[in-house]
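Written below as structure tokens is the structure these notes are about.
Derivation of every value follows stated rules applied to the coordinates shown; laboratory data play no part. These numbers come from a predicted model, not from an experiment.
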Amino acid sequence: MESTHSTTQPPQGTNIVWVTSEVSMSSSPKPKFVAKKTFHPFKPIRQWLNELDVCDRKMAQTLASVIPAQCPFERTVKLFGRTVLYIPPLCKLNPFYDELVGIRFRALCYLADECGEDISSYC
């Protein structure tokens, strides 16, 4: 490690000293990001569901009627006007929930846009 010193005389009569030094860097820097391998067992099924194309009127009607618009498991049990038990929606526990909602939406869009059908009966 080398050091250099320099001294100058400023006008006020005080001394100022600069010190510089060289620091050697290691030849191989450590990587900042390490890629983690993750296991996604449902990824192929999710991709297949997302790539499913709704191109038939009968198929779109079936999908729109079979896939529910709201979570069918959410319940509020009341006794004498007071809530005794609340069961939260369990649809988010389904690993394919977002994909099924997307398929239903594509089916409803196909029926409304391509076929000109009134979709209010599916809502």
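Values for this structure:
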{"read-out": "Per-residue ³J(HN,Hα) for the range 113-123, Karplus 6.51 cos²θ - 1.76 cosθ + 1.60, θ = phi - 60°, Hz, x for Gly and Pro", "value": "7, 7, 8, x, 8, 6, 9, 5, 6, 8, 9"}
{"read-out": "Partners for K37 among lysines (Cα-Cα distance below 29 Å; same-chain residues under 8 apart left out)", "value": "K92"}
{"read-out": "Tail weight of P(r) past 15 Å, computed on alpha-carbon pairs of the range 43-122, percent", "value": "62"}
